[in-house]
Amino acid sequence: MEMYNRLIWEDDFDGPELDMTKWSFRTGNWQVAPDGTPVVPGWGNRELQYYTEGGGNVGLGGSRLSLIARMEDSPEQFGRTCSYTSARIDTRGKFSFTYGRIEFRASCPLGTGLWPAVWMLPEGEEYGPWAASGELDLLEAKGRLPDRVFGTIHYGGAYPLNTHQEYTAALPEGAGIDSFHTYEVIWEPGSISWLVDGRTYAETRAWASKAPGIEHPAPFDRPFYLLINLAVGGTFDEQSMGRVTTALPAEFRLDYIRIFQ
């Protein structure tokens with residue numbers, strides 16, 4: 001396994017506001033086609049939140065980023081409004097990379113219906129639309145389950161011919177998802193590993209595209225960019241689909257995120 005100790009990119013969230021040379025806001029509740037036409041609401045996952053351009057949904061202080069979900073009426077988009085707001089940021093068009101070690105320290109919010117995530121998508125779609133060109137989920141949590149975190153890859157073919165591998169780690173009692181933990185993913189040619197607090201909880205080497213002529217380790221051999229968001233509702237936690245019983249606001253907090261090669 002490569003060590004990947006040369007820092008190539010980082011954000012310590014030290015400034016008074018989000019560094020827009022590194023990040024962009026993604027707004028709304030809809031997946032939108034490149035030409036601006038609406039495709040599907042709920043970001044394709046039946047999510048209930050509307051992502052804003054920061055404001056009360058993003059906080060910076062104490063060298064820490066907070067993405068904040070609130071119960072409030074959203075602006076209208078394509079004739080629909082949402083009952084929740086939150087934030088989603090990514091590095092698309094500003095930073096992407098192929099292979100390395102991603103490290104970040106984060107605290108996830110507790111509460112049924114909350115879905116924090118740090119993940120990666122391909123900068124281009126050389127192998128086709130989602131999920132043919134891959135998705136790498138570094139950390140996801142279900143606010144209903146305070147002792148579990150998840151790591152996943154999506155691949156195979158374009159929806160609905162996609163498939164995925166999902167792994168989970170149990171966190172120690174008294175130090176659940178709402179405690180700060182250090183998360184790492186080591187992404188190598190032909191291998192992806194997930195770690196929490198220095199402990200490897202999953203590794204995979206076996207994935208395959210359904211499209212002819214696309215050989216392993218594709219699609220995970222192209223530049224990917226980073227995303228961070230806090231969703232409300234959504235299909236990830238099928239047990240709590242559409243039920244949001246937690247008191248809001250809720251915060252997804254990150255101390256830093258660093259990329260090594």
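The values are calculated or read from the model by the stated rules, or taken from the named source; none is laboratory data. Everything quoted here is computed from the prediction, not taken from an experiment. Backbone-built Cβ (ideal geometry, glycine too); neighbour counts: all protein chains shown. Side chains are part of the model used for accessible areas, which takes the heavy atoms of the whole protein and leaves out ligands, DNA and RNA. Shrake-Rupley method; radii C 1.70, N 1.55, O 1.52, S 1.80 Å.
Scanning segment 1-37 for residues that are assigned to a strand (DSSP E or B) and at pLDDT 95 or above yields Leu7, Ile8, Trp9, Glu10, Asp11, Ser24, Phe25, Gly28, Trp30.
Against the criterion of being closer than 22 Å to Trp115 by Cα and among the acidic types (Asp, Glu), Asp73 qualifies. Here Thr85 fulfils each of the conditions (1) without any contact (Cβ under 8 Å) to a residue 40 or more places away in the chain; (2) in a loop (DSSP other than H, G, I, E, B) apart from (2).
May I ask you to list the residues in segment 139-198 that are outside any loop (DSSP other than H, G, I, E, B), closer than 20 Å to Leu110 by Cβ and without any contact (Cβ under 8 Å) to a residue 40 or more places away in the chain? Listed by number, the residues that qualify are Arg148, Phe150, Thr168, Ala169, Ala170. A search for C-beta distances below 7 Å between a residue of segment 1-26 that is within 14 Å of Tyr256 (Cα to Cα) and any residue that is among the polar types (S, T, N, Q) and open to solvent by 80 Å² or more (accessible area, probe 1.4 Å), counting only pairs 6+ apart in sequence or on different chains, returns nothing.
The C-beta contact set for segment 31-50 (first residue without any contact (Cβ under 8 Å) to a residue 40 or more places away in the chain, second residue outside any loop (DSSP other than H, G, I, E, B) and among the hydroxyl-bearing types (Ser, Thr, Tyr), distance under 6 angstrom, 6+ apart or interchain) comprises Tyr50/Thr85. Of the residues making up segment 222-249, those that are open to solvent by 10 Å² or more (accessible area, probe 1.4 Å), of a type in the set (A, V, I, L, M) and closer than 18 Å to Ser107 by Cα are Ala247, Leu248. All conditions in (1) under 25 Å from Phe180 (Cα atoms); (2) surrounded by 14 or more Cβ atoms within 10 Å (Cβ to Cβ); (3) hydrophobic (A, V, I, L, M, F, W, C) hold for Met3, with the sole exception of (2). Residues that are open to solvent by 40 Å² or more (accessible area, probe 1.4 Å) and of a type in the set (A, V, I, L, M, F, W, C) were ranked within segment 33-67; the one that is nearest to the chain's Cα centre (by Cα) is Leu48. Condition check: more than 17 Å from the chain's Cα centre (by Cα), open to solvent by 70 Å² or more (accessible area, probe 1.4 Å) and under 29 Å from Asp11 (Cβ atoms). Does Thr200 satisfy that? Judged against the criteria, Thr200 is a match.
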